[in-house]
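Presented below is the structure to which this report refers.
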């Protein structure tokens, strides 16, 4: 009798388990975790690069350009050495493109906009797209946080510095940096010259020699 009862009990447990597995679980509305899709539209999405890049326009002293370049006479497209305005801009970038000139990046007739290699216009806040058009490997590293700088906590939405935050867009190469000397070892005053040079190796052989004696 007992084997039959046990067999029936096991069959019943198996059927209940299969029923629970096949029944779809409907989560309560309050239990739905907040994701980037459930947050308000004003909240920056973690995977939205443009919303996380720190805006450049508020930091630009001479923006908008239309304060000076307001009419056709204010747009001189002739490639030349500047002698009146923007004298602080030293152009050492993109010489392989038309010898290097303003309109390689600035949109002719619309200086408040930049343009990509395909002619698409972008805002100054999207300057990283323009840089990425020629500097592909660095741009990919920048998106992966290998190149560039980000601010914010590791478990918070991080903000990203755009390329011109660190690189002068007209002369982006950094000047050579002179390496600084190493920090002073606070134990140096208590160590012999041999210890400073050979460190632990010297200590090891000194102890070994002392033990043999």
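Bear in mind these aren't lab numbers, they're just calculated from the coordinates by the rules spelled out. Note that this is a predicted model, so its numbers are computed, not measured. Using ideal geometry, Cβ is built from the backbone for each residue, glycine included, and neighbour counts are taken over all protein chains shown.
See the values below:
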{"quantity": "Largest-first principal axis extents, alpha carbons of region 60-111, Å", "calculated": "30, 21, 20"}
{"quantity": "Å³ per residue enclosed by the Cα convex hull of region 75-193", "calculated": "211 Å³"}
{"quantity": "Sorted by Cβ neighbour density within 10 Å, fewest at the top, the residues 170, 86", "calculated": "86, 170"}
{"quantity": "Sequence of 101, 154, 142 once ranked by neighbouring C-beta atoms within 10 Å, starting from the fewest", "calculated": "154, 101, 142"}
{"quantity": "Förster-model FRET efficiency, 30 Å R0, residue 103 and residue 151, C-beta, rounded to 0.05", "calculated": "0.35"}
{"quantity": "Residue 63-residue 121 pseudo-label distance in nm [points 7 Å out on the Cα-to-Cβ vector]", "calculated": "1.6 nm"}
